[in-house]
Amino acid sequence: MPADAREPQCSQGPLLVLGIEASCDETAAAVVRRDGAGRGEILSNVVRTQLDEHRPYGGVVPEIAARAHVECLDFIVRGALDEAGVSLKDLSGIAATAGPGLNGGLVAGLVSGKALALASGKPFLAINHLEAHALTAGLTDGLAPPYLILLVSGGHTQTLLVQGVGRYRRLGTTIDDAIGEAFDKTAKLLGLGYPGGPEVERAAQRGDANRFPLPRPMIGRAEPHFSLAGLKTAVRQRAEAAAPLTDQDVADLCAAFEAAVTDIVIDRVSRAMEMAEDAFGPDRPRWLAVAGGVAANKAIAAGLSGLAKARGYRLAVPPAALCTDNGAMIAWAGAERLALGLVDGLDFAARPRWPLDPEAPAAIGAGVKA
């Protein structure tokens, strides 16, 4: 344990934790209460998005994101404390995202969290952003491990078996683009706005998904990995062949792309369910949790709902505000770790890459997102 880490003290009593999130393009802070029985309650959840700052560039610019975090973190944290009606002295601990994410934002959030912990004498908790997503179902649905989770966001696409706090088995990952990234790039290719996911979904609602045939990479493969690069390339080729594109062309391409992604997700998650079967006892309910911004896509959500029902799973999807990056999930992950005495030192460094399952074998052909 680092020299300045607090001595672990397992707690079954109520905990009040401040969470700070600044890993990408949302600056967020929240206060969450965890009672002695492990139930959670969100007392505040303040989020400032940076869409306006990044929209002119069609994507997140790391330097702009880091500067925006620095400019507003103090106000966001103060707003979260005021909304919750608490002060620093009332807190049990302070949690901040330490990775994965953009280094500049991670450092800004960590420095703020460490400074508050040092000034207040409260335990500090360095949170893995992916773990926070993975544990959100415990906050919103009271879901206890083991359960299967599909994590789908702009930067990550994974299926994981959640075995407990700090214990995860990665089943599938993307070997190239994340699903959210593929949505954003497709939107940019077709001249739609940013962020791309909602724009593609909106256009797809008035499109014909059968007009442009598109591939479904990896479907039927034994390993439950994802691949989106080939699908994205196929969209570009179809768009070039049909140029100049009309509004209906764009809508049809979006509908075809969304349908292809939905089919891929259903097939890949179905395979992950087969691999996770040994984790559930014969009488234990099987749960599939979904987290990340892409979980808000209605077509994908409907497909997952049908899959869960067909495979005898129950489905847990947090509210949209808790699927995207937020401080509440960081505070909750901090509370879960603090309850187990898992605190961190003030020398904890940012980790732009921080896999939940470091022992998982690399996927064949996988890039940095594996």
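The values are calculated or read from the model by the stated rules, or taken from the named source; none is laboratory data. This one's a predicted model, so the numbers in the text were calculated from it and none came from an experiment. So basically every Cβ, Gly included, is an ideal-geometry build from the backbone, and we count neighbours across all protein chains shown. Side chains are part of the model used for accessible areas, which takes the heavy atoms of the whole protein and leaves out ligands, DNA and RNA. Shrake-Rupley method; radii C 1.70, N 1.55, O 1.52, S 1.80 Å.
Data overview
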quantity: DSSP-defined beta bridges in the chain - what % are antiparallel, rounded to 5; calculated: 60
quantity: Simple spin-label estimate for residue 78 and residue 243 in nanometres, 7 Å along Cα-Cβ; calculated: 5.1
quantity: Value of Rg to Rh for the range 278-330 (Rh from inverse mean 1/r over Cα pairs, i.e. Kirkwood); calculated: 1.04
quantity: Quotient of Cα Rg and 2.2 N^0.38 Å for the chain, N being how many residues it contains; calculated: 0.99
quantity: Whole-Hz couplings from phi, Karplus 6.51/-1.76/1.60, listed for the range 194-211; x for Gly and Pro; calculated: 10, x, x, x, x, 5, 5, 4, 5, 5, 5, 5, 10, x, 9, 5, 9, 6
quantity: Within a Gaussian network of the chain (alpha carbon springs, distance under 10 Å), most fluctuating of 312, 345, 197; calculated: 312
quantity: ³J(HN,Hα) computed for each position of the range 234-239 - Karplus, 6.51 cos²θ - 1.76 cosθ + 1.60, integer Hz, glycine/proline x; calculated: 5, 4, 4, 5, 5, 5
quantity: Most to least packed among 353-360, 113-120 [average Cβ atoms within 10 Å]; calculated: 113-120, 353-360
quantity: Average Cα contact separation per residue, the chain, under 8 Å, 6 or more apart, as relative contact order %; calculated: 27
quantity: Carbon/sulfur fraction of accessible area - the chain, other protein chains in place, 1.4 Å, %; calculated: 53
quantity: Where 275, 329 fall by accessible area, highest first, once all protein chains stay in place (1.4 Å); calculated: 275, 329
quantity: The range 44-109 and the range 219-296: distance between their alpha carbon centers, rounded to Å; calculated: 30
quantity: Per residue value of the accessible surface for the chain (all protein chains in place, 1.4 Å probe), Å²; calculated: 41
